[in-house]
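Trainee: Mind having a look at this structure? Questions to follow.
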Amino acid sequence: MILNLLLDLLDLKGWLVVFCVLLIVVDIVKNKDPPNYPPGPWPLPVVGNVFTGVDFKTMDKLAEVYGDVYSLRWGSEKTVFISGYKMVKEALVTQLDSFADRPIVPLFHKVFKGIGIALSNGSMWKVQKKFANAHLRHFGEGKKTLELHIQQECHYLCEAFKEEQGEPFDPQYTLCSATANVIYSVVFGRRFEYSDEQFQNILRADAEAVILSGTAQAQLYNAFPGLFHYLPGPHQTVHSNYQIFKDFLRQQILKHVEDRDPSDPRDYVDVFLGEMEKSTNEEAGFNLENLIVCTLDMAEAGTETVATTMRWALYFMMKYPEMQQKVQAEIDNVIGQSRFPNMTDRPKLHYTEAVIHETQRLGNVVPLGFPKMASKDTTLAGYFIPKGTAITANLSSVLHDKSQWETPDVFNPEHFLDSEGHFRRRDAFFPFSAGKRVCLGEQLSRMELFLLFASLLQRFTFSAVPGVELSLEGVLGFTYSPPPHKICAKPR
Ligand code: HEM
């Protein structure tokens, strides 16, 4: 009866209005925030804050308006953003267990499937991170194997730079080749020639995926995966590139299955294959699919991040030649020219260490870290964050925090030097994040950055292409990198 009356009263326009009102009411009820939830810009019905940029500069601006803890919503997906040294430390370090889980990020879930190390949770994550850590330590500290692998790669890298004969060239793929080889030496016990075509294809596919995952369109996939799954766009390239990468890793692993000697494990893959035979705990994830994703986690995170940091390092040296000279003078004084740098030199190279740290601070390679999730109902800065809410710790805001750094926006190695010119650590140095989800490769990266940087500066003087101005405005993908550029590497 009422329906008949309504049908008589409403025309098409009227029905459209009713439909929209209903949609908004359902949206409001469905996405209602719990009491005392962190504030944020007003979300549009249904789509939420999809028109708000996801870059760290927008995040900084929002923090100025809404404070160090605020929220955004894309579609129905809510994320709480945490900014500034004090609050990020409170969330990741003081409340150690509150934000240790990973949420499902649709763009990556299709590839990583919630297994491996970087995007897994619970006991699988605990076991696999510990296992990989122990392996990195076994081949690193004490054993010296890792240092030797890196030194060997320094040699190949210097040779490749020398071949350019001081002419301008883009160092991106050469640096990625070197950093990929370091991680491949740990994982697969081998390196690849820089000219190896398959190797170069993998590096290109990875670099493209890293850039594309940061685009606004790829982020839209995260808000509406069901819809975008069928549409063309960068998310499709991200997925197909990761598939190419995974196929390559599977191929390397299967070679190991064929030619390994169980009594003499050569590398991470051999040790993992041995564990697959022993392990009875299915949840721990000692199986082939998980091995592929674990190696992807390390190869992915361990190549681009270190190479991009090295690109920033050389970029800053070209931009500030007087600092480059100071680094070279220190290296000449402590090491000389007759041998490659080694780890025992590090404590003596104060200024060089300060330059590397300042590069990581201002280079700010992973500005928003990886997304995390509240593992339990939590209170932060007086706000209530329910279990399961995605959170992003804005590492960039820590590395630029005015209360922690004397000149936050200026490249200034003095940040890491005391009054006697000795290297000093800083509390707000968070490029590897902090707490339970801290980067697995922190120690390896620090060793690698030191040996690569000191070896290059020992052998070359870097300068920009004459007439080219070096802008400090970087390019944001999943990582933050210097703008595309060429360098001239003049042998010393
Ligand atoms: C300069 C180089 C690097 C930087 C700046 C960097 C930075 C980061 C950051 C910010 C995170 C996110 C931590 C979080 O969620 O709070 C992370 C995680 C991770 N990184 Fe790195 N990383 C670097 C090198 C490496 C290397 C060489 C490896 C190879 C072993 C690696 C493997 C990982 C893994 C597996 C995770 C996930 C850890 C977890 O979920 O528990 N990273 N890294």
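Any read-out appearing in this document is the output of simple, stated calculations on the displayed coordinates, not a laboratory observation. As the structure is a prediction and not an experimental result, all values here were calculated from the model. Positions of Cβ are generated from backbone atoms using ideal geometry, with glycine treated the same way; all protein chains shown enter the neighbour counts.
Trainee: Quick one: what are the phi-derived ³J(HN,Hα) couplings along region 439-449, Karplus 6.51/-1.76/1.60 with θ = phi - 60°, whole Hz, x for glycine and proline?
Mentor: 3, 5, x, 4, 5, 4, 5, 5, 5, 5, 4
Trainee: Let me ask something additional. With unit charges on the beta carbons (Lys and Arg positive, Asp and Glu negative) and the dipole taken about the Cα centre of region 333-492, which residue among Ala428, Ala489, Thr407 sits farthest to the positive side?
Mentor: The residue sitting farthest along the positive end of the dipole is Ala489.
Trainee: Can you sort Thr174, Thr389 by how many other beta carbons sit within 10 Å, fewest first? Let's see the in-between values first.
Mentor: On the way: Thr174 19, Thr389 22.
Going from sparsest to densest Cβ surroundings: Thr174, Thr389.
Trainee: Classify the chain: rounded, prolate or oblate, from the alpha-carbon gyration tensor (a ≥ b ≥ c, eigenvalue square roots; a/c under 1.5 rounded; otherwise prolate if a/b is larger than b/c)? Kindly include the intermediate steps, with their values, before the conclusion.
Mentor: Working: a/c = 1.90, a/b = 1.52, b/c = 1.25.
Prolate, because a/c is 1.5 or more and a/b exceeds b/c.
Trainee: Do the alpha carbons of any pairs in Lys246/Lys319; Lys61/Lys376; Lys86/Lys348; Lys61/Lys86 sit beyond 26 Å of each other, and which pairs?
Mentor: The answer is Lys246/Lys319; Lys61/Lys376; Lys86/Lys348.
Trainee: Measure out, as a whole number of angstrom, how far apart the alpha-carbon centroids of region 307-357 and region 375-433 sit.
Mentor: 24
Trainee: Tally Lys and Arg at +1 and Asp and Glu at -1 over the other residues with C-beta under 13 Å from the C-beta of Ser375: what net charge comes out? Spell out each step's value before the answer.
Mentor: Values: positive: Arg102, Lys126, Lys372, Lys376, Lys387, Lys436, Arg437; negative: Asp97, Asp101, Asp377.
Result for the local shell: +4.
Trainee: Sort out for me the Cα centre separation of region 165-237 from region 62-100, rounded to whole Å.
Mentor: Comparing the Cα centres of region 165-237 and region 62-100, I get a distance of 29 Å.
Trainee: Rounded if a/c is under 1.5, else prolate if a/b is larger than b/c, else oblate: which is region 114-257, with a ≥ b ≥ c the root eigenvalues of its Cα gyration tensor?
Mentor: It comes out oblate by the Cα gyration axes.
Trainee: When the Kirkwood radius is taken over all Cα pairs of region 38-147, what Stokes-Einstein diffusion coefficient follows at 10 °C and 1.306 mPa s, in µm²/s?
Mentor: Taking Rh from Cα pairs, D becomes 94 µm²/s.
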